[in-house]
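The values are calculated or read from the model by the stated rules, or taken from the named source; none is laboratory data. Keep in mind the model is a prediction, meaning the values are calculated, not measured. Note: ideal-geometry Cβ built from the backbone for every residue, glycine included; neighbour counts use all protein chains shown.
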There are 4 protein chains.
Amino acid sequence: MITPLLENLELDTVGLERLIEHLIKGGVHGIFLLGTNGEGPSLDYRIRKQLVAETCKIVAHRVPVLVGITDTSLACSLEMANYSKQVGADMLVLAPPYYFPISQAEMVRYLEIIVPQLELPFLLYDIPSCTNLHLNLSTIKRAAQLGAIGVKDSSGDLGALYSIIEAFKDDGNFSVIAGAELFLSDVVMHGGHGVVAGGANIFPRLFVDLYEASVRKDLGQVARLRQKILQIHATLYNLGDSSTRSIMAIKGSLSLLGICSDYMAPPLHAFEAKDRQRISDYLAGFEWVEGGIRH
Amino acid sequence: MITPLLENLELDTVGLERLIEHLIKGGVHGIFLLGTNGEGPSLDYRIRKQLVAETCKIVAHRVPVLVGITDTSLACSLEMANYSKQVGADMLVLAPPYYFPISQAEMVRYLEIIVPQLELPFLLYDIPSCTNLHLNLSTIKRAAQLGAIGVKDSSGDLGALYSIIEAFKDDGNFSVIAGAELFLSDVVMHGGHGVVAGGANIFPRLFVDLYEASVRKDLGQVARLRQKILQIHATLYNLGDSSTRSIMAIKGSLSLLGICSDYMAPPLHAFEAKDRQRISDYLAGFEWVEGGIRH
Amino acid sequence: MITPLLENLELDTVGLERLIEHLIKGGVHGIFLLGTNGEGPSLDYRIRKQLVAETCKIVAHRVPVLVGITDTSLACSLEMANYSKQVGADMLVLAPPYYFPISQAEMVRYLEIIVPQLELPFLLYDIPSCTNLHLNLSTIKRAAQLGAIGVKDSSGDLGALYSIIEAFKDDGNFSVIAGAELFLSDVVMHGGHGVVAGGANIFPRLFVDLYEASVRKDLGQVARLRQKILQIHATLYNLGDSSTRSIMAIKGSLSLLGICSDYMAPPLHAFEAKDRQRISDYLAGFEWVEGGIRH
Amino acid sequence: MITPLLENLELDTVGLERLIEHLIKGGVHGIFLLGTNGEGPSLDYRIRKQLVAETCKIVAHRVPVLVGITDTSLACSLEMANYSKQVGADMLVLAPPYYFPISQAEMVRYLEIIVPQLELPFLLYDIPSCTNLHLNLSTIKRAAQLGAIGVKDSSGDLGALYSIIEAFKDDGNFSVIAGAELFLSDVVMHGGHGVVAGGANIFPRLFVDLYEASVRKDLGQVARLRQKILQIHATLYNLGDSSTRSIMAIKGSLSLLGICSDYMAPPLHAFEAKDRQRISDYLAGFEWVEGGIRH
């Protein structure tokens, strides 16, 4: 989930409630806060805590709430982990600390320190484009031994993801979750367990339907829904050359759809008027966005 | 300056005082807190603030105190900037926010937002190995326009550093400072202004002497002192294969010399006994470390 | 196809014939010479030409023969292109020249120079791990305008590959071919056209069967065959830490199966005895390699 | 030395003779053919051989001739090595084969194969921007054991270069040579042995004078001459955004100075008219290029 922000970068609590209801009505199976799309690292701890507390209250256990606790400071990660448990979140999500370049062995050592101090179940999070460490299979296996209940792989490296699925195929307790929307059906049909889709902020039902079609192995429906995601990628996510343009596009779309505002915490920034207009045009052109946000 | 930590990762205030007196006695021209060697990003804000306040009190304006305020959160950077001013620090040091991959243009936009809110003079900090953005000359020039009083270049890219010196050679108000110890004499003799040397935690006098010899263009003395730094690099900094081994070596040396302990905040970690012994042997072998830490 | 070599690095013509018959009997739809698995860049032009001429003679148009003409020298690429046409090859395969780091625009300029001089149809070849240029969609579109009949994408970036399939979905004359074996079924089921599979040197029928199952959308069969490829990746391709270990494993397997020898042109090298034994053990353990190379 | 080419990409033999006389008159201590600036990998073997033979004839042992033999094919490298010896070249220069990503250990293995077959002395050549392997100190030491007479370091990593100088400081037979023009005086004053300067194609006397001033430790003269090189970098080498723009600028300058033409082998290309005019303006503005090419 993205983090709705006001112009002064305070939490947009009205937008937050609208967004959460939009997601739950769309059928999502869980809500992940403070990840990359959630601009977690850009927010201060007051806002992060407020977001988690408000979200837990609004969600009220209708779906699990997952909280990203990744930080360069162990103490800060633990503070967030403890707070999340206290206000009723369900799970934690943890990527490598991301300032110092560390090795796989140093990441394992780090996990050995932090994991025993986590009081909620946690997912490991692989996102080398932001953390500069592409977790290898051996590190992921060690995390599983330490208690990780799964991995969210946002590496874009589907070959590695397939190796992870293969390695854990007999472990009913370990979930392999893709971070790339386009890989949802591939991952689910080949034995993985789901996707964390930024685009589900806008079109939750689309991704839920694709998930269900993938589980049913309904290839016709998979092709039909997947085509819409390809269309999103070729249009909404394809504006400008910022490496974070998909996050900008998601917030921009939500703003245009009247759900929440599109202010972003620096160093990210909203689109200028021209690109905002193009998003508007794209949204209007999606025949599956009628009367608001249906598909 | 490294950050002296106790085993429970609280600030080692006794070690801190000993270290600061060691540095000032060694003749350093300033003390930079919470940089990469200072494990800034690994520390929580309570410790960071305590470190800045204690240091300012101990230093008592004998030399300028510079505070690293780099963070992925603008609000956190500003909080640190304000606190630093409040407790009497002299200058700030700012590297790019380091989670999202951003472009030069996005860094400029970020500077345009943060700089007007800084109430102390600031140095720009280029350290692509940790931030993944190698600031180009155009970004550095824009930072200077916005008010940067200099740049600390820890890119290891001396070619770029020479271009920066050339570009600012007629600007008497902009300092070009190397982050790589071995480049001290080259940078100073070619028109740059100094170095932020991690090794000066152990051997402050050595680096001060080299600086002064470089200013005097005393090539014989430069060669003699530079040789010692080469020796440090080939021994102390050359243990193991961690990318942060030089920081580990500096803390380990300070511990062996009785100045402060060598605990490190995760994900960094102190050397094991075997490498600690090798540091001890190396230090004993430096004829210029007699009766403690002289050179 | 790998290039069978004798110990003196001359062409193993006996092995070549056995390998080609093995491939054709296995049902492959074409044979690609002098690619990455074929150690093209490591061979001198005498051997490259001999390989192409001999292969064309042995194949005798039973399947198309594609020839990799990638080189850092335009003149050498053209010499190979002309020779290929002369001895009866069917198509050419062209990756970026790979010494100088070039931009997308410089690659387009290069294509505009070389393509008009090619007298056979050609496939564009994207393999950034070796050429350091990840061809973007705009460059691929320009190549198509210039006459490319398709692209072989060995980038490992399935997200980009899906975008290519989407971009060319209405162009019946442009083939999108994966270079990663594990992506075969995904690519074919989502509208792509095939795979160039190094593993097909050993197990051609396996990959042909998977291709056909993917075309038929026979998910049960896809899962069964794909499982074997995952097994190959987790065993044969997983020995040692050389970045070229899969090529070493393919040649080693072919040698153990009595098809051709496993000598490799420097800088590549065959496995030592211990890893060779492990390959042997793995092959023996594949229940689908009975009485030789069946599956 | 760059390689003078005609429009049809044949060798510009008239330009070659003028260029060589220009270099020798300028006082260079040797001529290195077929390196990166020499577009070695872009030329076919007929041209490469013609260049070496013609150059050896024209030079007639007035200075040593070094020949780059780097290739992805061992056989091609050896062919060039043998030919170079046959026509009277003095030394060879060898970088890693550059298609397959190889490890330091694989590079050592490669050296162990090729070096015993080289009949001329050879320099190792580190240029990771083109070969993707940054030779480490251990590999360089092994090359020295095998017979390398020195290393040309074009990594831009002056820290590593200083470590190499330190490691070989007691070895009178091993030369450490920089590939980056701006590092000439630093390297020579700190114990290194020289530079291979692309800019010396245009201004040989400038670089020879700087070398001699560096040897004499004449800091005033070093500063004066180094300033001109900085000026070259800020002007001539700073046009456009091609990663090979300095090679384009060198050829363009030589063309404007009437020495040879500026045709380049694809994928490199000459500047368009506008940038060519800017080069002309820059050259005219250098007060040290009067009446031709003096400084």
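Here are a few things to note about the model shown:
- Here B:Ala223, B:Ala284 are screened, and the one residue that is at pLDDT below 95, more than 17 Å from B:Ala178 (Cβ to Cβ) and in a helix (DSSP H, G or I) is B:Ala284.
- Counting only residues that are at the interface with another protein chain (Cβ under 9 Å from one of its Cβ atoms), without any contact (Cβ under 8 Å) to a residue 60 or more places away in the chain and in contact with a helix residue (DSSP H, G or I) (Cβ under 9 Å, 6 or more places away or on another chain), segment B:104-131 holds 5 of them.
- Among the residues of segment B:166-199, the ones that are among the hydrophobic types (A, V, I, L, M, F, W, C), over 20 Å from the mean Cα position of the chain (by Cα) and more than 20 Å from B:Asn136 (Cα to Cα) come to 1 in all.
Here is a yes/no grid of residues against (1) within 14 Å of chain A (Cβ to nearest Cβ); (2) more than 20 Å from the chain's Cα centre (by Cα); (3) closer than 30 Å to D:Ser185 by Cα:
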{"residue": "B:Gln221", "(1), (2), (3)": "no, yes, yes"}
{"residue": "B:Lys228", "(1), (2), (3)": "no, no, yes"}
{"residue": "B:Ser243", "(1), (2), (3)": "yes, no, yes"}
{"residue": "B:Leu256", "(1), (2), (3)": "no, yes, no"}
{"residue": "B:Cys260", "(1), (2), (3)": "no, no, no"}
{"residue": "B:Phe271", "(1), (2), (3)": "yes, yes, no"}
{"residue": "B:Arg278", "(1), (2), (3)": "no, yes, no"}
{"residue": "B:Leu283", "(1), (2), (3)": "no, yes, no"}
{"residue": "B:Trp288", "(1), (2), (3)": "no, yes, yes"}
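- Qualifying residue in segment B:247-261 (condition: farther than 28 Å from B:Asp209 by Cβ and modelled with pLDDT of 95 or more): no
- The lone exception for B:Pro121 - which of (1) surrounded by fewer than 17 Cβ atoms within 10 Å (Cβ to Cβ); (2) under 20 Å from D:Asp241 (Cβ atoms); (3) under 18 Å from the mean Cα position of the chain (by Cα) it fails: (2)
- Condition met for C:Ile114 (in contact with a Ser or Thr (Cβ under 7 Å, 6 or more places away or on another chain), farther than 28 Å from C:Ile24 by Cα and aliphatic (A, V, I, L, M)): yes
- Residue within segment A:140-151 that is in contact with a Pro (Cβ under 6 Å, 6 or more places away or on another chain), under 30 Å from A:His22 (Cα atoms), in contact (Cβ under 8 Å) with a residue 24 or more places away in the chain and surrounded by fewer than 18 Cβ atoms within 10 Å (Cβ to Cβ) present: yes
- Filter pass, C:Gly172 being touching a Ser or Thr at 6+ places or on another chain (Cβ under 6 Å), without any contact (Cβ under 8 Å) to a residue 60 or more places away in the chain and not acidic (Asp, Glu): no
- Residue within segment B:261-278 that is of a type in the set (A, V, I, L, M, F, W, C), in a helix (DSSP H, G or I) and surrounded by 21 or more Cβ atoms within 10 Å (Cβ to Cβ) present: no
- Residues of segment B:184-208 that are farther than 20 Å from D:Thr235 by Cβ, out of contact with any strand residue (DSSP E or B) (no Cβ under 7 Å at 6 or more places or on another chain) and within 14 Å of chain D (Cβ to nearest Cβ): B:Ser185, B:Asp186, B:Met189, B:Ala197, B:Gly198, B:Gly199.
- Selection of segment D:245-254 for residues being within 13 Å of another protein chain (Cβ to nearest Cβ) and either buried (at least 19 other Cβ atoms within 10 Å of the Cβ) or not in a helix (DSSP H, G or I) (or both) yields D:Ser246, D:Ile247, D:Met248.
- Evaluation of B:Ser155 against (1) more than 11 Å from chain D (Cβ to nearest Cβ); (2) crowded, with 17+ Cβ neighbours inside 10 Å (one fails), failing number: (1)
- Flag for B:Arg276 being farther than 25 Å from B:Val195 by Cβ and touching a residue at least 12 places away in the same chain (Cβ under 8 Å): yes
- Those residues of segment D:63-84 which are out of contact with any strand residue (DSSP E or B) (no Cβ under 8 Å at 6 or more places or on another chain) and either under 20 Å from D:Ile20 (Cβ atoms) or at pLDDT below 95 (or both), in sequence order: D:Tyr83
- Matching helices (runs of 4 or more DSSP H) fully within segment C:12-101 where at least 1 residues are within 14 Å of another protein chain (Cβ to nearest Cβ) and either of a type in the set (A, V, I, L, M, F, W, C) or buried (at least 24 other Cβ atoms within 10 Å of the Cβ) (or both): C:45-59, C:74-86
- Residue in segment B:221-234 that is surrounded by 22 or more Cβ atoms within 10 Å (Cβ to Cβ), more than 27 Å from A:Pro101 (Cα to Cα) and in contact with a strand residue (DSSP E or B) (Cβ under 9 Å, 6 or more places away or on another chain) present: no
- Taken together, D:Leu92, D:Leu43 contain a single residue that is modelled with pLDDT of 95 or more and either of a type in the set (Gly, Ala, Ser) or within 25 Å of D:Ala144 (Cβ to Cβ) (or both), which is D:Leu92.
- Unmet criterion (only one of (1) touching a residue at least 60 places away in the same chain (Cβ under 8 Å); (2) in a helix (DSSP H, G or I)) for A:Ile232: (1)
- Checked against (1) closer than 20 Å to D:Gly156 by Cα; (2) crowded, with 24+ Cβ neighbours inside 10 Å, B:Ala197 passes all but condition (1).
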